[in-house]
1. Just to be sure I understand: with springs between alpha-carbon atoms less than 10 Å apart, which residue in Lys212, Lys75, Lys21 has the highest mean-square fluctuation in the Gaussian network model of the chain?
2. Can you give me the three principal axis dimensions of the stretch 139-254 from its C-alpha atoms, in Å, biggest first?
3. Mind giving me the FRET efficiency for Glu39 and Ser314? R0 is 56 Å, r the Cβ-Cβ distance, nearest 0.05 is fine.
4. Could you check the spin-label model distance between Leu148 and Ala371? Points 7 Å from the Cα along Cα→Cβ, value in nm.
5. What residues qualify as long-range amide H neighbours of His365, i.e. H under 5 Å apart, gap of 5 or more or another chain, H built at 1.01 Å from N?
6. Quick one: of the DSSP bridges fully inside the chain, what percent are antiparallel, nearest 5?
7. Whenever you get a sec, compute what percent of the accessible area on the chain sits on carbon and sulfur atoms (1.4 Å probe).
8. Helix-derived [θ] at 222 nm for the chain: sum -39500 (n - 2.57) over DSSP H runs of at least 4, divide by residue count, nearest 500?
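The values are calculated or read from the model by the stated rules, or taken from the named source; none is laboratory data. None of these values were measured; they are calculated from a predicted model. We place every Cβ from the backbone using ideal geometry, glycine too, and count neighbours over all the protein chains shown. Each accessible area value is taken on the protein alone, full model and side chains, heavy atoms only, with ligands, DNA and RNA left out. Shrake-Rupley method; radii C 1.70, N 1.55, O 1.52, S 1.80 Å.
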Amino acid sequence: MNPDRAPGFGVYVHWPFCAAKCPYCDFNSHVRHQPVDQERFARAFATELATMRQRTGPREVTSIFLGGGTPSLMKPETVGAVLETISQNWTVPAGIEVTLEANPSSVEAERFRGYRAAGVNRISLGVQALNDSDLKFLGRLHNVSEALHAIGLAREIFPRLSFDLIYARPGQTLESWAAELEQAIGHAADHLSLYQLTIEDGTPFAALHRAKKFTIPDPDRAADLYQLTQEITAAHGLPAYEISNHARPGAESRHNLTYWRYGEYVGVGPGAHGRFVEDGRRVVTIAEKLPERWAELVEAQGHGVVDGEVLTRSEEADEFLLMGLRLAEGIDLARYEQLSGKSLPAARLSILQDEGLIAPIGNSHLRATPAGMIVLDAVVADLAR
């Protein structure tokens, strides 16, 4: 990873449209049965980016991330227009990480060369499973054959590739997940994102789960699956650098590191969040979620921000803990003290260390242990209270 561990300054652009809504997803995504007016949304992105530039002042961008939704439903021309607008507002050094999330359907894969020409140099594929029955259960529109084709094409076109898998699925055994993960690593380039299936409120899966239409592994089995994931990826040179993300050394996601290292980022688009320093204070911006209403707001007032706040020092410190302890590199204790104005409580540190949940790294950093990662929310809550 970057020797200086600099948090960075990222730009996140949210494309809110999907071909279908996955039943487990609680992201701000919307299905439209008529073609989306991409030119209108590109203009709105340009307007909101210019407004954000006025708020942040001149900055050097360290990463750009096009997320969603399904950004691979954008035309390459739309992507190119967005990237050009970003470079008009801030300094964008050549070769910085520019990631686009994509679904592995054959139609979207054909656009890969257009995205590469537009400036995208890292693709993140939402594969989610490598067997067709589970892909159908997860509501995905592609099959395994299409996923592997998209992975192969992406490896040819983009310098960097990541893809996602969801585990702890109904009926999944340690043996079946080990075999699937080994298969995935055989196709991976330098990065994998491996998430446990969680039941999010308000999703179709939440209703089905309450009705006992399916069950997921209990916490002990989920912990076993997590531990197995760490062992297999590490053995293949893709160790976890964050709870759910694995990479070969040097191939970590620069943009996601900006979040976890508690850097600054601008968020534009429907439902996008931003966190950046303005007038010496860290501010939070939250945009209108409904795409058409967001576009109307941008056209009327120059931005779609409908909510936000200025964080207190205590809130900043808590967020820094929550994000930074997800990382294998841990947190810089001096930076925590700078944000909070105080040290972490020595008595609680001692107890958590005795319980094997945290460990110092020299005299300057603190990390969660593998055991602590499994119960990280409780560890953070104990340190922050």
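1. Top of the fluctuation ranking is Lys212.
2. Rounded to whole Å, the extents work out to 45, 30, 27 Å.
3. Values: r = 44 Å, r/R0 = 0.79.
Step by step, r from the Cβ atoms, then E = 0.80.
4. It is 4.1 nm.
5. Distant-sequence amide H within range of His365: Leu333.
6. Numbers: 24 of 57 bridges.
Just about 40 percent of them are antiparallel.
7. Numbers: 8640 of 16810 Å².
The nonpolar share, carbon plus sulfur, comes to 51 percent.
8. On the way: 16 runs with 163 residues, N = 385.
Theoretical 222 nm ellipticity from helices: -12500 deg cm²/dmol.
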